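Asker: Dropping the structure in here first, questions after.
The values are calculated or read from the model by the stated rules, or taken from the named source; none is laboratory data. Quantities reported herein were computed from a predicted structural model and do not represent experimental measurements. Because the Cβ atoms are built from the backbone with ideal geometry, glycine has one as well, and the counts that use them run over all protein chains shown.
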């Protein structure tokens, strides 16, 4: 198993996003801004859901990779780190998911 992880991908995205390289999809997304990056993340999420419902394991793996990549681009554009997201998840491990969700302010 490789030691490649979300932190390494986060660093690659940050470097490529700010490179200005017209041949880099990441740089193009950074240039297009949050609306385009969020749209792509949503598209990939839907495609991952469809793959899961179809039971297509290979497609689910591929679409999940696309989703994680676009999610990290959105986080980078928003100035949010993977560490912040992981800290939030870690803070939730001390209680049940049902209790945690019930404690959130009503929207």
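Asker: Could you run through segment 53-107 and say how many residues are surrounded by 13 or more Cβ atoms within 10 Å (Cβ to Cβ) and part of a helix (DSSP H, G or I)?
Answerer: Qualifying residue count for the region: 21.
Asker: Hey, among the residues in segment 1-43 that are under 17 Å from residue 65 (Cα atoms) and part of a loop (DSSP other than H, G, I, E, B), which one's modelled with the lowest pLDDT?
Answerer: 1
Asker: Next up: Can you run down the residue pairs with Cβ atoms below 6 Å, 6 or more apart or on separate chains, where the first is in segment 56-68 and under 19 Å from residue 86 (Cβ atoms) and the partner is modelled with pLDDT of 95 or more and surrounded by 15 or more Cβ atoms within 10 Å (Cβ to Cβ)?
Answerer: Listed pairs, sorted by first residue: 64/48; 67/44; 67/45; 67/48.
Asker: Given (1) in a helix (DSSP H, G or I); (2) more than 30 Å from residue 104 (Cα to Cα), identify the lone condition not met by residue 47.
Answerer: Here residue 47 clears every test but (2).
Asker: Which of the residues belonging to segment 91-107 are within 23 Å of the chain's Cα centre (by Cα) and modelled with pLDDT under 75?
Answerer: Correct list: 97, 100, 101, 104.
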